[in-house]
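Here's the structure we're looking at; comments come further down.
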Amino acid sequence: MRMKLFSKLCFAAALAALAAVSMAHSRLYGTSGNPSGHGNSIWRIDKSTGAWTHHMSLGVPGYGVMSAYNPDDGLLYHGSSDGYWLTIDVEAAVVVSSGGVSSGTMAMTYDRTTGTFLTTDHSRSLYSTTTSGHSTKIGEFPVPMKGLAISGGTLYATSRDANLLYTVNPSDGAILKTVTMTNSDYLVNSTRGLAAEPCTGELWGVFHFSGLGKRILGTVDPQTGVVTIKGETYWGINSIAFIPVDPVDLINALINDVIALNLHNGIENGLD
């Protein structure tokens, strides 16, 4: 009886803890283009170390490839400088639809206030792009951008040619604030992709550091510009995106683990 009660209490406590934690859990994915040697691909990236695992190939060419997650439909959207526009179910590793975008894509992020993506291209133009890939120019950046992310309602941008983090007016691309990105050990050169963790709002990027010759996963403080290194990541990564983990999947996994533990301990009907 005590073992049954202990099992029930452990299960209830674990379930409650998981319900709280799972809402703040997300997975990080990166997108690479043709020069990576794998074609356009999506990679699973370890947030603690930057380690990478090939997740799926996209089956289209393109070099300036970017991706952003749409929390309203649960799909990842993929644009390229060559004009490709894909929607992807990342968990199922399936391309849902394939079409074209009316502007090339060098950086993108989803704006929940408008239900559209903010995108930019080689010409420094800022676009509002629908989920079907139709782009309307709404402004212009002073420099080419390689990363866009919205955190706490603020649009941030990073350049492929400078160590600067920009706060941007999303309606016209005007620069509102500029912060120099720094690290205590290395000189930050530029970034290749920017994304906001959906629950914490923390800004993540893939950085180039002077003298390293590698792409480094890290976070950046938008107030101070301080970059915290997580680790080396795949050299072909051009963009990153966070995808929340469905709490139901985590809870089901926990239930299966508890049932397996009960069976292992010889406790019959441990969940009754």
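Could you tell me whether any residue of region 183-195 is closer than 15 Å to Ala149 by Cα and at pLDDT 95 or above?
We begin by selecting, within region 183-195, every residue closer than 15 Å to Ala149 by Cα; these are 191-195.
Now narrow it down to the ones that are at pLDDT 95 or above: 194-195.
Yes.
From Ser97, Ser102, which residue is modelled with pLDDT under 95, of a type outside the set (D, E, K, R) and either within 19 Å of Leu194 (Cβ to Cβ) or outside any loop (DSSP other than H, G, I, E, B) (or both)? Even if it seems obvious, please write down each step before you answer.
Values: Ser102 fails: either within 19 Å of Leu194 (Cβ to Cβ) or outside any loop (DSSP other than H, G, I, E, B) (or both).
Only one candidate passes the filter, namely Ser97.
Within region 193-214, work out how many residues are surrounded by 23 or more Cβ atoms within 10 Å (Cβ to Cβ) and not aliphatic (A, V, I, L, M).
4
Looking at Gly218, Gly236, Gly133, Gly225, can you tell me which residue is under 14 Å from Leu118 (Cα atoms) and either free of Cβ contacts under 8 Å to residues at least 12 places away in the same chain or buried (at least 16 other Cβ atoms within 10 Å of the Cβ) (or both)? Please lay out each step first, then the result.
Working: Gly218 fails: under 14 Å from Leu118 (Cα atoms); Gly236 fails: under 14 Å from Leu118 (Cα atoms); Gly225 fails: under 14 Å from Leu118 (Cα atoms).
Checking each option against the conditions leaves just Gly133.
Against the definition (within 17 Å of the chain's Cα centre (by Cα), part of a loop (DSSP other than H, G, I, E, B), on the phi > 0 side of the Ramachandran plot and touching a residue at least 24 places away in the same chain (Cβ under 8 Å)), how does Gly59 come out, yes or no? Steps first, answer last, please.
Working: within 17 Å of the chain's Cα centre (by Cα): no; part of a loop (DSSP other than H, G, I, E, B): yes; on the phi > 0 side of the Ramachandran plot: yes; touching a residue at least 24 places away in the same chain (Cβ under 8 Å): yes.
Against the criterion (within 17 Å of the chain's Cα centre (by Cα), part of a loop (DSSP other than H, G, I, E, B), on the phi > 0 side of the Ramachandran plot and touching a residue at least 24 places away in the same chain (Cβ under 8 Å)), Gly59 does not qualify.
Among what's in region 18-29 and is at pLDDT below 95 and outside any loop (DSSP other than H, G, I, E, B), pick the residue that is nearest to Leu194 (Cα to Cα).
Across region 18-29, the extreme among qualifying residues is Ser26.
So His122 ticks every box in (1) in contact (Cβ under 8 Å) with a residue 40 or more places away in the chain; (2) under 19 Å from Tyr29 (Cα atoms) but one. Which box is left unticked?
Of everything listed in (1) in contact (Cβ under 8 Å) with a residue 40 or more places away in the chain; (2) under 19 Å from Tyr29 (Cα atoms), His122 misses just condition (2).
Which of the residues spanning region 144-158 are over 16 Å from the mean Cα position of the chain (by Cα) and part of a strand (DSSP E or B)?
From region 144-158, those over 16 Å from the mean Cα position of the chain (by Cα) are 144-145, 153-154; that's our starting set.
Residues satisfying the conditions are Met145, Thr154.
Counting only residues that are of a type outside the set (S, T, N, Q) and over 18 Å from Phe141 (Cβ atoms), which one in region 106-121 is surrounded by the fewest Cβ atoms within 10 Å (Cβ to Cβ)? Explain how you work it out, then say what you get.
Taking region 106-121 and keeping what is of a type outside the set (S, T, N, Q), we get 106-108, 110-112, 115, 117-118, 121.
Now narrow it down to the ones that are over 18 Å from Phe141 (Cβ atoms): 110, 112, 115.
Values: Tyr110: 23, Arg112: 11, Gly115: 13.
Restricting to residues being of a type outside the set (S, T, N, Q) and over 18 Å from Phe141 (Cβ atoms), the top hit is Arg112.
Considering only residues that are on the phi < 0 side of the Ramachandran plot, outside any strand (DSSP E or B) and surrounded by 15 or more Cβ atoms within 10 Å (Cβ to Cβ), which ones fall in region 159-173? Explain how you work it out, then say what you get.
The initial filter retains those residues of region 159-173 that are on the phi < 0 side of the Ramachandran plot, namely 159-172.
When the remaining residues are screened for being outside any strand (DSSP E or B), the result is 160-163, 169-172.
Hits for region 159-173 are Arg160, Ala162, Asn163, Pro170.
Restricting attention to region 174-229, which residues are charged (D, E, K, R) and either under 19 Å from Ser67 (Cβ atoms) or part of a loop (DSSP other than H, G, I, E, B) (or both)?
Hits for region 174-229 are Asp185, Arg192, Glu197, Glu202, Lys214, Arg215, Asp221.
Being of a type in the set (Ser, Thr, Tyr) and closer than 23 Å to Ile150 by Cβ is the filter; apply it to region 85-105 and report the residue that is surrounded by the most Cβ atoms within 10 Å (Cβ to Cβ). Don't jump to the end; show me each part of the working.
Just the residues of region 85-105 that are of a type in the set (Ser, Thr, Tyr), to begin with: 87, 97-98, 102-103, 105.
Next cut, closer than 23 Å to Ile150 by Cβ only: 87, 102-103, 105.
Working: Thr87: 19, Ser102: 15, Ser103: 22, Thr105: 31.
Only one residue fits best here, namely Thr105.
Looking at Asn238, Asn256, Asn252, Asn262, which is the one that is modelled with pLDDT under 95 and in a strand (DSSP E or B)?
Values: Asn256 fails: in a strand (DSSP E or B); Asn252 fails: in a strand (DSSP E or B); Asn262 fails: in a strand (DSSP E or B).
Within the list Asn238, Asn256, Asn252, Asn262, the selection yields Asn238.
The values are calculated or read from the model by the stated rules, or taken from the named source; none is laboratory data. Note that the structure is predicted; figures quoted are calculated from it, not measured. Glycine also receives a Cβ, built like all others from the backbone with ideal geometry; neighbour counts cover every protein chain displayed.
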